[in-house]
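Only the coordinates and a few stated rules stand behind these numbers; no lab work does. Because the structure is predicted, anything quoted here is derived from the model rather than measured. We place every Cβ from the backbone using ideal geometry, glycine too, and count neighbours over all the protein chains shown.
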Amino acid sequence: MSGGSRPLPAGFAEALIGWQRRDGRHGLPWQGTRDPYRVWLSEIMLQQTQVSTVLSYYPRFLDRFPDVSALAAAAVDDVMALWSGLGYYTRARNLHRCAQDVVAKWDGQFPRTSADLATLPGIGASTAAAIAAFCFGERISILDGNVRRVLTRLLAFDQDLAQAAPQRLLWDLAQGLVPTGPQGDDMAAYTQGLMDLGATVCTRSRPACALCPVNDLCEGRRAGDPTRFPVRTRKLARRFEAWWLLLVERPGQHGTVEVWLQKRPERGIWAGLYCPPVFDSRDALCAAAGAGCAEQLQDGEAVAHALTHRELRLHPVRLACAPDADPPMAVTLGAEGGRWVRRDQLAAVGLPAPVRPWLVA
């Protein structure tokens, strides 16, 4: 299929809904609810994160922030601390801002249409569609990464999704597949079916076509190689960087140990989290620590940390200070945004996942 040159397959929605109700996923903790807060929270957590990871974070988050008002009233550092380890931390900051907007601008009630939902921080078109479909029955299609894969294979859609015009066309085609009959909760089953099909059957590299409920409708399968869809010519350029982290610690009161943490900038990697000071070379780290500390620096084992666009090589360097000492880099970097934190209180601080093991060891 080149664009919209072929008619949409008849019976797709009905087959998908029937399969989802019979064989789809039904035991996930965010299913079976029309509460937009819970659906929204799960949708944000599941962006670029595996279900198995979200399963442990989702109940903890709800226990701490049971509704949108509780989340809006929380300190952003508390939200970041609970999010620590989930990655893509902009999601957490937008989650907090979105909750505040719902309380301040929508009287604590989520908007009921995808158009209004998409005006809130951190809610894109596909997430807005998911909330509107699950919670309010709006007849609108989602189009996240998994669903793009399902639909481009179903339609043998061979236009380049690195370009804006093909993306808009695929949205239009996706909307044309949405069920139209007034059948109760069919939009919830249809939307969940799209998610389930992409996650469990129509996978990226090894689709289980024999198990697919719509394999007789799939143009990609008929063409012989569904894995060549979707088409996206622009590849992400990965950068490789070395980061040196200065782990400063000192004895605290009553046998405790304190570590020095500084808040990362609001933009960039680990934005808004607390972290040991970061340097782009060991020489820069030594200069910040001061000449008198050079012999006290202890290098740990470097680790690799992969991000979407970058590959980091993280080098931990530990420095033990005397009790009540100020961090030696304070004159160079300034202590604004930094503080001593007891190790036994680190669970309440938002830390980058690869850094946490060094600090609690």
Treating only the Cβ atoms of Lys and Arg (+1) and Asp and Glu (-1) as charged, compute the dipole magnitude of the chain about its Cα centre; round to the nearest 20 debye. 840
Please find the FRET efficiency linking A104 to E266, where r is the Cβ-Cβ separation and R0 is fixed at 25 Å, and quote it to the nearest 0.05. 0.75
Can you compute the FRET efficiency between E301 and R342 using 1/(1 + (r/R0)^6), with r the Cβ-Cβ distance and R0 = 35 Å? Round to the nearest 0.05. 0.90
Farthest toward the dipole's positive end in segment 189-241, which of L217, A189, P230, given Cβ charges of +1 (Lys, Arg) and -1 (Asp, Glu) about the Cα centre? P230
Just to confirm a number: summing +1 for Lys and Arg and -1 for Asp and Glu over residues other than G145 whose beta-carbon lies under 12 angstrom from that of G145, what do you get? +3
Charge dipole (debye, nearest 20) of segment 198-352; +1 at Cβ of Lys and Arg, -1 at Cβ of Asp and Glu: 1000
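Assuming 0.36 nm per residue, please report the length gained on full extension of the stretch D35 to D280 beyond their Cα-Cα distance.
Fully extending the segment from D35 to D280 adds 83.6 nm.
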Once Lys and Arg are counted +1 and Asp and Glu -1 for all other residues with Cβ under 12 Å from that of P323, the total becomes -3
Cα centre as origin, Lys/Arg/Asp/Glu Cβ charges: segment 84-207 dipole, Debye: 400
Just to verify a number: FRET efficiency for R21 and T180, C-beta to C-beta distance, R0 = 25 Å, to 0.05? 0.85
Give me the number: length gained by fully extending T49 to E311, i.e. 0.36 nm times residue separation minus the C-alpha to C-alpha distance, one decimal in nm. 92.5 nm
Want the number for S205 to A291: 0.36 nm per residue separation, take away the alpha-carbon distance, what's left? 25.6 nm
Compute the helix-to-body angle for 164-176: its Cα long axis versus the longest principal axis of the chain, expressed 0 to 90° and rounded to tens. 50
Listing C209, C135, C293, C202 by rising number of other beta-carbon atoms within 10 angstrom, fewest first, gives C209, C293, C135, C202
Counting other C-beta atoms within 10 Å, which of H305, H26 has the fewest, and how do the rest follow? H26, H305
In the neighbourhood of A210 defined by beta carbon distances under 15 Å, the net charge of the other residues (Lys, Arg +1; Asp, Glu -1) is +2
With semi-axes √(5λ) of the Cα gyration tensor in Å as the read-out, I listed (1) 46, 24, 17; (2) 31, 23, 20; (3) 45, 31, 22; which label goes with the value calculated from this structure? (1)
